[in-house]
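I have a structure I would like to understand better, so I am pasting it below and will then ask my questions one at a time.
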Amino acid sequence: MNQHKKSFQHSSRVHSQSNSRQRTLNEVIGQGRPEQKSFEKDLVEAFLAEGIPLHKLESGPLRKVFDKYCSYKVPSVSTLRRVVPDLCDEHLKKAKEDIGNSRIWISVDEATDPVGRNIANVVIGKLDGEVAGSGHLVHVVELEKTNASTIVRAVQDALRILWEGALGTEDRVLFLVMDSVAYMHKAGKTLAVLYPKMIHTTCLAHGLHRVAETIREEFPLVNKIISAGKKIFLKAPKRVEAFKEILPGVPLPPEPVLTRWGT
């Protein structure tokens, strides 16, 4: 009991209860005002656009700033999360209005989220004959397996969402961009059969990476010198300190990583 009384959780709850007061009728009614709903929507939209998790508003310094200086009541995180589906519907509506029945380009990428799930993202933009329109994130789906069939299904689902299953849309898909892994190549070939006017290409960054890999293989001695220079200072603080003493102001040699572009 004494340990619990001294804990931060217990003291913070006692402090919050001592500072709490019964809300007035105007405050309760104010939660249903159109301005309050607009505030909640704008708040969620801003947090999502900047990549800030909504749980940051649950407690902590950010919540205290809003409670102190904001005239609108910040609801619970569970309430804010209910706004996300409406924002998603609005985003899709704007994408449909922008693209309409125009010809399109598609970009597909697969990535792993922080909890280890394989996520496919499908971005679609308009082609009007002069410039490529800005891309719209139309579909995000968790993949059970990362293979060609799941990528093809993700693209078809995205087009079904965009054009609501309308017929005769095969000729509108003109350009497809993917990365250069094997299953993406296979998915691109399958989609090229379904959409005969589509041009399938790989990402330019992946192409440049392949060129850099070829150059590295053509000069094995240079590759060994760079690797040896990296090993000299890797996990060697005394060597790093000696280098800085002898050559102050000179940066350490680069530490290239094969799986990290730009190093």
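For segment 170-188, how many residues are in a helix (DSSP H, G or I), buried (at least 19 other Cβ atoms within 10 Å of the Cβ) and touching a helix residue (DSSP H, G or I) at 6+ places or on another chain (Cβ under 6 Å)?
Counting residues in segment 170-188 that are in a helix (DSSP H, G or I), buried (at least 19 other Cβ atoms within 10 Å of the Cβ) and touching a helix residue (DSSP H, G or I) at 6+ places or on another chain (Cβ under 6 Å) gives 1.
I'd like the full set of residues that are closer than 22 Å to residue 53 by Cα, surrounded by 14 or more Cβ atoms within 10 Å (Cβ to Cβ) and among the hydrophobic types (A, V, I, L, M, F, W, C), limited to segment 96-121.
Selection gives 119, 120.
Look at segment 216-245 and say how many of its residues are touching a residue at least 12 places away in the same chain (Cβ under 8 Å), out of contact with any helix residue (DSSP H, G or I) (no Cβ under 8 Å at 6 or more places or on another chain) and assigned to a helix (DSSP H, G or I).
The number of residues fulfilling the criteria is 3.
Continuing with the same structure: Within the bounds of segment 190-210, is there any residue that is in a loop (DSSP other than H, G, I, E, B), surrounded by fewer than 11 Cβ atoms within 10 Å (Cβ to Cβ) and aliphatic (A, V, I, L, M)?
No, segment 190-210 contains no residue that is in a loop (DSSP other than H, G, I, E, B), surrounded by fewer than 11 Cβ atoms within 10 Å (Cβ to Cβ) and aliphatic (A, V, I, L, M).
Sort through 151, 161 and tell me the only one that's within 15 Å of residue 104 (Cβ to Cβ), assigned to a helix (DSSP H, G or I) and touching a helix residue (DSSP H, G or I) at 6+ places or on another chain (Cβ under 8 Å).
Unique residue meeting the criteria: 161.
Output the helices (runs of 4 or more DSSP H) that fall wholly within segment 1-78 and possess 2 or more residues being outside the structural domain of residue 136 (by TED's automatic domain parsing), surrounded by 10 or more Cβ atoms within 10 Å (Cβ to Cβ) and modelled with pLDDT of 65 or more, or say none.
34-49, 61-69
Another question, then. Before we move on, is residue 194 closer than 25 Å to residue 96 by Cα and of a type in the set (A, V, I, L, M)?
Criteria met by residue 194.
Could you please give the count of residues in segment 164-210 that are within 19 Å of residue 137 (Cβ to Cβ) and either of a type in the set (Asp, Glu) or free of Cβ contacts under 8 Å to residues at least 24 places away in the same chain (or both)?
2
Something else: Can you pull out the residues in segment 90-119 that are among the hydrophobic types (A, V, I, L, M, F, W, C) and more than 14 Å from residue 177 (Cβ to Cβ)?
Listed by number, the residues that qualify are 92, 95, 99, 111, 115, 119.
Quick one: is residue 142 free of Cβ contacts under 8 Å to residues at least 40 places away in the same chain, loosely packed, with under 15 Cβ neighbours inside 10 Å, in contact with a helix residue (DSSP H, G or I) (Cβ under 9 Å, 6 or more places away or on another chain) and not aliphatic (A, V, I, L, M)?
no
The values are calculated or read from the model by the stated rules, or taken from the named source; none is laboratory data. Everything numeric here is computed off the predicted structure, so don't read it as measured data. Every residue, glycine as well, gets a Cβ built from its backbone with ideal geometry; the counts of neighbours run over all protein chains shown.
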